[in-house]
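Written out below as structure tokens is the structure these notes cover.
The values are calculated or read from the model by the stated rules, or taken from the named source; none is laboratory data. Nothing here was measured: the structure is a model prediction, and the numbers come from that model. Every residue, glycine among them, receives a Cβ derived from its backbone with ideal geometry; neighbour counts consider all protein chains shown. With ligands, DNA and RNA removed, areas are computed over all heavy atoms of the protein, side chains included. Shrake-Rupley method; radii C 1.70, N 1.55, O 1.52, S 1.80 Å.
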Amino acid sequence: MARGAGFPDLPPVWTVIFVAASLVAGKFLPIITLPIASYKTISILLAVAGVVMILWSALWFRRKKTAINPYGKPSSLIVEGPYRINRNPIYTGMFLIVLGSACWFAALSSLIIAFVFPLLITQRFIKREETALSKAFGAEADDYFSKSRRW
């Protein structure tokens, strides 16, 4: 879907879509129900960890006074805090939320949907953001990319 064509093409919107899809698939099309003990507890823990990761990451955007909008122009390269773990901790947090929702019914169909999420986010947002960071910060960004994981 093209940006600006009536669809709010933003990562949180995609996160909600994937959460809903994984819950619907788990409830109505489970394919196989996996033998996971305490799957609801795991589900909640993953989702909470995702929210914490997002909030911690967003705090660094505020500290560095740079745009959190994936379409914004970066004014600072953030390499501290959760950005030492990987270079996309907000997207990682979103994935943990999607994975947590997928675990709610312990259904294979939900997990398949959850693992498509990082592929979509990488193609729609991360690659473009990395290009923008390379243009804005040159060798400093490239060095950071070579020393950090995308996910």
- [ ] Give the carbon-plus-sulfur fraction of the accessible surface of the chain in %, rounded to a whole number; probe 1.4 Å, heavy atoms of protein chains only.
- [x] 69 percent
Task: Among I32, I42, I78, residue whose mean-square fluctuation peaks in a GNM of the chain (springs only between Cα atoms under 10 Å) - done: I32
TODO: For the chain, give the magnitude of the charge dipole about the Cα centre (Cβ charges: +1 Lys/Arg, -1 Asp/Glu; no others), in debye to the nearest 20.
DONE: 220 debye
TODO: Treat every Asp and Glu Cβ in the stretch 71-130 as -1 and every Lys and Arg Cβ as +1, leave all other atoms uncharged, and give the resulting dipole magnitude about the Cα centre to the nearest 20 debye.
DONE: 160 debye
TODO: Past 29 Å, Cα to Cα, is the threshold; run K27/K73; K64/K127; K65/K135; K73/K147 against it and keep the listed order.
DONE: K27/K73
Task: Estimated 222 nm signal from helices in the chain, with DSSP H stretches of n ≥ 4 weighted -39500 (n - 2.57), rounded to 500 - done: -20500 deg cm²/dmol
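What does the accessible area per residue of the chain come to in Å², with a 1.4 Å probe and no ligands, DNA or RNA counted?
Per residue, the chain has 56 Å² of solvent-accessible surface.
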Open item on the list: Running a GNM on the chain with Cα contacts under 10 Å, which residue among F137, F95, F117 ends up with the highest mean-square fluctuation?
Closed with: F137
Open item on the list: Between A136 and F115, what is the label-point separation in nm under the 7 Å Cα-to-beta-carbon projection?
Closed with: 3.3 nm
TODO: At a 1.4 Å probe radius, which order do D9, D142 fall into by accessible area, largest first?
DONE: D142, D9
